[in-house]
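Here the structure is laid out as C-alpha cells; the discussion comes afterwards.
The values are calculated or read from the model by the stated rules, or taken from the named source; none is laboratory data. Note that the coordinates shown come from a computational prediction; the quantities given were computed from them, not determined experimentally. Using ideal geometry, Cβ is built from the backbone for each residue, glycine included, and neighbour counts are taken over all protein chains shown. SASA here: full protein model, heavy atoms, side chains in, ligands and nucleic acids out. Shrake-Rupley method; radii C 1.70, N 1.55, O 1.52, S 1.80 Å.
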Amino acid sequence: MHSVTVLTDPQPSDADMTCPSDPPIGRYVRVPVEVYEADPHAPEAARRLIALIATSWPDTPAEHVGSSAVAGLAGKNTIDLLLAADPVHIPAITQSLLELGFQPQLPAAFPATRPMLWGAFGHGPTAYRVHVHVVPAASPEVAAMRGFRDALRADPLLRRQYAALKRAIVAGGPIDPVAFTKAKHDWIVATLGQLGLVSHPQHRLYKDDPRLDQSHKLAS
C-alpha cells in the first residue's frame with residue numbers, strides 16, 4: 001500500500017507549474033504517521049522537484065535524502081530534500097522556496113539559519129508531502145544525511161532493521177509525527193555513530209527542535 005492522495009485535476013507540466021499565479025507547490029497537510037511500502041515513483045517526483053527548485057535557485061542543487069531516496073525502503077512516503085548552502089545565501093534560498101509555494105514549518109522546529117520548509121507536490125495521481133532542509137554546507141548534519149542515505153542504499157540488513165523499527169513504532173496505529181521522530185532518534189544516532197558520521201554519542205539529530213525536547217520531558 002502506498003500513501004496516495006488522488007488529484008482530481010490533470011497534472012500540469014513542469015513548465016506550466018512555474019507560473020507565479022499558480023504556485024507549483026501545494027499546501028502541506030500534517031497527518032499522523034503511517035508506514036507504507038516503498039513507492040517506486042518517489043525518486044522521479046524528487047527529480048522533478050529538484051529541477052523545479054533549480055529554476056528558482058540554480059546555484060545550490062537540491063538532493064534527495066531520507067527513506068524515499070532508498071529503493072525498497074518502507075517509510076512515510078514523504079520526499080526529503082537537502083540543500084547544502086552557503087549560510088549567506090540561506091535567506092535568499094528560503095525566499096525562493098516560498099515563492100514556489102513552499103511554506104514555513106509551523107511550529108518552527110529549526111532556526112531561520114537552518115530552515116525546513118514543507119509543501120505538497122503532485123506527481124501522477126499522488127500528492128507527495130515534501131520537506132526541504134536548507135542546511136549550512138559546513139554543518140555535520142549534511143554529512144549525516146548523505147551518509148545515512150548512502151549506507152541504507154548499500155546495506156540490505158540495515159534497510160531491514162530500519163524498516164522493522166518504523167513498523168514497530170506504528171504497530172499500534174498511526175502516530176504523531178514528533179513522537180515518531182523521537183522514537184527513531186536513539187537508533188538513528190547509534191547507527192550514525194557506528195558509521196562514523198557523528199563525533200559525540202549524545203549528538204541530537206534535531207537538537208534545535210523544541211517540540212522534541214518538550215516531548216522528551218513529558219515522557220521522562
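Per-residue answers, yes or no, for (1) in a helix (DSSP H, G or I); (2) open to solvent by less than 30 Å² (accessible area, probe 1.4 Å); (3) farther than 15 Å from Ile25 by Cβ:
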site	(1), (2), (3)
Leu106	no, no, yes
Ala112	no, no, yes
Gly119	no, yes, no
Val134	no, yes, no
Ala143	yes, no, yes
Gly147	yes, yes, yes
Arg153	yes, no, yes
Gln161	yes, no, yes
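Conditions (1) within 20 Å of Arg114 (Cα to Cα); (2) part of a helix (DSSP H, G or I); (3) in contact with a Phe, Trp or Tyr (Cβ under 7 Å, 6 or more places away or on another chain), marked per residue:
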{"residue": "Arg47", "(1), (2), (3)": "no, yes, no"}
{"residue": "Ile50", "(1), (2), (3)": "yes, yes, no"}
{"residue": "Thr55", "(1), (2), (3)": "no, yes, no"}
{"residue": "Leu82", "(1), (2), (3)": "yes, no, no"}
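Pairs are defined by a Cβ separation below 6 Å, a sequence spacing of at least 6 or placement on different chains, a first member in region 169-185 that is closer than 9 Å to Pro32 by Cβ, and a second member that is modelled with pLDDT under 95 and surrounded by 17 or more Cβ atoms within 10 Å (Cβ to Cβ); no pair meets this definition. Among the candidates Thr126, Thr181, the residue that is open to solvent by less than 20 Å² (accessible area, probe 1.4 Å) and at pLDDT below 95 is uniquely Thr126. Within region 86-104, the set of residues being within 25 Å of Pro140 (Cβ to Cβ) and part of a strand (DSSP E or B) comprises Pro104 only.
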